[in-house]
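Some notes on the structure that comes next.
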Amino acid sequence: MEIAGIIKSKHVDHVRLITSDKKQEIDVFYTESKKFDIEEIFENEVVLFSGTCESVDYYGLKLAKFWLLDIILPKKKFVYQGKKRKGDNENSNEGWADRHTK
């Protein structure tokens, strides 16, 4: 499920979004692994999120909690890099398969 809108505010575990269609305020929750991606987004920025809904029982009232899966827009400005291994050479552009099939 995708949701588009403008970031109203950022909090420790969720982002408040004003949807572009109905101008509703929706809280989009994210996990610790998405924290760095959320820090790259600014308030009042137009975003497009991919997410999933979780059913929550709140004092007998059924509610849905929207969880962030991926940020579609804006595009990421950085790429995560893996750890450097002992035998890795900084100037080497060869991959794991190239190193182990020689």
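Values quoted throughout were computed directly from the atomic coordinates according to the rules given, and no laboratory measurement underlies them. Quantities reported herein were computed from a predicted structural model and do not represent experimental measurements. Using ideal geometry, Cβ is built from the backbone for each residue, glycine included, and neighbour counts are taken over all protein chains shown.
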Most packed first (mean Cβ within 10 Å per residue), the peptides 21-34, 51-64, 3-16 order as 3-16, 21-34, 51-64
Evaluate Rg over Rh across the range 2-73, taking Cα atoms for both radii and Kirkwood's formula for Rh. 0.96
Do any of K34/K65; K34/K75; K23/K76; K23/K62; K35/K62 go past 24 Å between their Cα atoms, and which? K23/K76; K35/K62
